[in-house]
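The values are calculated or read from the model by the stated rules, or taken from the named source; none is laboratory data. Treat the numbers as computed from the prediction; the structure is a model and nothing was measured. Using ideal geometry, Cβ is built from the backbone for each residue, glycine included, and neighbour counts are taken over all protein chains shown.
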Amino acid sequence: MFIMDRFPPPVGGFYVAETRKLAVIVQSGTMDKLLCAFMLGSTAVAVDFEVHLYFTFWGLMMLRKGAMDKAGLPATYKHMEEQFKGKLEKMNYPTPYEMLKRMKASGRLKLYACTPTMEMFDINREDLIPEVDALAGAATFLDIAADADITLII
Amino acid sequence: MFIMDRFPPPVGGFYVAETRKLAVIVQSGTMDKLLCAFMLGSTAVAVDFEVHLYFTFWGLMMLRKGAMDKAGLPATYKHMEEQFKGKLEKMNYPTPYEMLKRMKASGRLKLYACTPTMEMFDINREDLIPEVDALAGAATFLDIAADADITLII
Amino acid sequence: MFIMDRFPPPVGGFYVAETRKLAVIVQSGTMDKLLCAFMLGSTAVAVDFEVHLYFTFWGLMMLRKGAMDKAGLPATYKHMEEQFKGKLEKMNYPTPYEMLKRMKASGRLKLYACTPTMEMFDINREDLIPEVDALAGAATFLDIAADADITLII
């Protein structure tokens, strides 16, 4: 994007504004990290980013049907879990799975499940929520990430 | 930056060296992660980076007055906390808050507090340390991060 | 890389395809995070990335001789450790240290140990595995990361 400011346009005379990309590896399976990733992802799709979420390890386990909304807080903050969940409910805050479905509805989210993790934890495609777009190894993610404007692991 | 090596200078004949940018989401509120973020940030301002720290979730809770220097180690390493804090004291290592204030004094740190988290945890502006530059949502951070040389979440 | 598609080649007529770079700060010392970093790193070297791993804090402690293969799961998942390790063994999955040595053998991995952490934890060069390429402060890492295609902290 910044290149547009600094170089004259190519022959033909104009630039096509490129879509910005956010690529996130979701390694964590706790509620705080999922909410953090999904708040970032939701905002990103709202401002027209293309969002790529690659779920691996504990994150991948949260892609199993019914798992995501049972996610809790990590050991360090376990004592605050009940209070935290109560507060979110009172705020009518969407659950992680609802947030994911809304992002998906934008048409700008792609969801990947890490194949080596699936083997490691004996998880099959049919165990996963239907929103998953592709089963993929790390090479796929590296290609996406190398080309992304922002890459994070959470 | 790397473009300078590869393309001839534009008409006019020279490039202005651009300031490099480091953007970090501080999601964690434990001492080890704060120290890690602040060591990186301190080094970055020392070598003339512009540093943007966006505090969210447990990180944001550490921006409340008096909170940062009470941060402890996460559950996994809790048993080492006393020894670790003692060692740092013996080294006269600056506390996290001291590190933050030094970064701030460089004029190259911008500090953001995540507004959705503030609502979630009932935190107001006057609860936060005065070093906070702006209350901001994720869209602000995405704009900064998309343009940064290094973006991390810790 | 993407610039190649958009700008005409410089005088001389061609581009040399640049090596892509992955830079990772390994701040964690738990088995799940090490495996995640090393799976990513292994894949990256296999598809010809240059990989830079900078070990700090709990990560650095895992560079001490004999430490890496004793790494366990974090408190949140401690109850699954035995089952998880058993599964990996049954799969003949390489240990973290074996993965590291294979990456190293590719000639495309550079391994850094964080000097401030070494001081903080009283660790000397001779305590560390021989695969470490350099003892380095954060400034070294920032230079590498600012120039990398993907930068992560795990």
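Quick notes on this structure:
- Hits in segment B:112-124 (condition: surrounded by fewer than 18 Cβ atoms within 10 Å (Cβ to Cβ) and over 22 Å from A:Pro94 (Cα atoms)): B:Asn124
- Residues within segment B:112-124 that are without any contact (Cβ under 8 Å) to a residue 24 or more places away in the chain and either in a strand (DSSP E or B) or among the acidic types (Asp, Glu) (or both), tallied: 2
- Residue match in segment C:122-143 (condition: at pLDDT below 95, more than 18 Å from C:Pro96 (Cα to Cα) and of a type in the set (Phe, Trp, Tyr)): no
- Selection of segment A:38-47 for residues being in a helix (DSSP H, G or I) and over 18 Å from A:Ala145 (Cα atoms) yields A:Met39, A:Ser42, A:Thr43, A:Ala46.
- Residues satisfying the stated conditions in segment B:97-121, i.e. of a type in the set (D, E, K, R) and modelled with pLDDT under 95: B:Glu119
- The residues of segment B:68-111 that are buried (at least 17 other Cβ atoms within 10 Å of the Cβ) and in a helix (DSSP H, G or I), listed by number, are B:Met68, B:Ala75, B:Thr76, B:Tyr77, B:Phe84, B:Pro96, B:Tyr97, B:Met99, B:Leu100, B:Met103, B:Lys104.
- Test set (1) at the interface with another protein chain (Cβ under 9 Å from one of its Cβ atoms); (2) touching a residue at least 60 places away in the same chain (Cβ under 8 Å) - B:Lys87 fails condition number: (2)
- Test: residue in segment A:35-46 that is within 13 Å of chain B (Cβ to nearest Cβ), more than 21 Å from A:Glu131 (Cα to Cα) and modelled with pLDDT of 95 or more: no
- Residue in segment A:5-26 that is farthest from C:Thr76 (Cα to Cα), counting only those that are surrounded by fewer than 24 Cβ atoms within 10 Å (Cβ to Cβ) and at pLDDT 95 or above: A:Arg20
- Once segment C:125-154 is narrowed to residues that are in a strand (DSSP E or B) and more than 10 Å from every other protein chain (Cβ to nearest Cβ), the residue that is surrounded by the most Cβ atoms within 10 Å (Cβ to Cβ) is C:Leu128.
- Residues that are away from chain B (no Cβ under 12 Å), assigned to a helix (DSSP H, G or I) and at pLDDT 95 or above do not occur anywhere in segment C:48-64.
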